[in-house]
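Read-outs throughout are calculated quantities, based only on the coordinates presented, and are distinct from any laboratory measurement. Predicted, not measured: the structure shown is a model, and the values here were computed from it. Note that we place each Cβ from the backbone using ideal geometry, even for glycine, and neighbour counts take in every protein chain shown.
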Amino acid sequence: MGRIWMHRAVEAIADVGRQYFERPSSKSPLRAAKSLCVELLSGRGEASGTALAREVVALYEQMPDLDRLGFLGLLAEDYGIEAEGAIVAASAYAAAPGDATLSALRAAVEAPHQELLRLMNTAPGGTAAIVYMRERLVMAKGDDPALCALDEEFRHLFESWFNRGFLQFERIEWRTPAAILEKLIAYEAVHEIRG
């Protein structure tokens, strides 16, 4: 019950936030998504940020495959690590190791697409969209160094999101809610379910 309430609360926040921004009028969904990503990373309020995140996710889901691949390229190229800034921060830390220089180094080596993905995750359905985004990335990356680096960033993000500490084990029995049983039946493709 608590999860359903939280989901509705996030959707309500996103609905309220929509009034605080204008959706880009670009005919290209990729250009519109790029514009929304810039706005999302600008650090607006919680409601408008959640609404922006929902718009980015919705645009991505509506894009044709070629634009989805373009969006992944955009994440890799435009929101990757700035090498020069990372080198300067690493040199500063090497010259004077300490909390301040370490903090600056951490900030310099975290790619902006990490924050963008975290913000997109706040949208209703954001986690599923990001998982499907990585699925598309794995299929498309080949030997492209930028896309391979982006895939490593996705892997790192997922390792922090989906670790054992977040797992919740529950016995499946006759008293288990029907919605959970229906999902198990729909998605269980490995083992036959007999009763």
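Would you mind counting up the charge near ALA90? Only other residues with Cβ under 12 Å from its Cβ, with Lys and Arg at +1 and Asp and Glu at -1.
0
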Exercise for review: Kindly write out, for segment 100-114 in residue order, the coupling ³J(HN,Hα) from the Karplus curve 6.51 cos²θ - 1.76 cosθ + 1.60 (θ = phi - 60°), rounded to whole Hz, with x marking Gly and Pro.
Suggested key: 5, 6, 5, 4, 5, 5, 4, 5, 6, 9, 8, 5, x, 5, 4
Revision key, fill the gap. Checking rank on 145-152, 98-105, with mean other Cβ inside 10 Å and highest first, the result is 145-152, 98-105
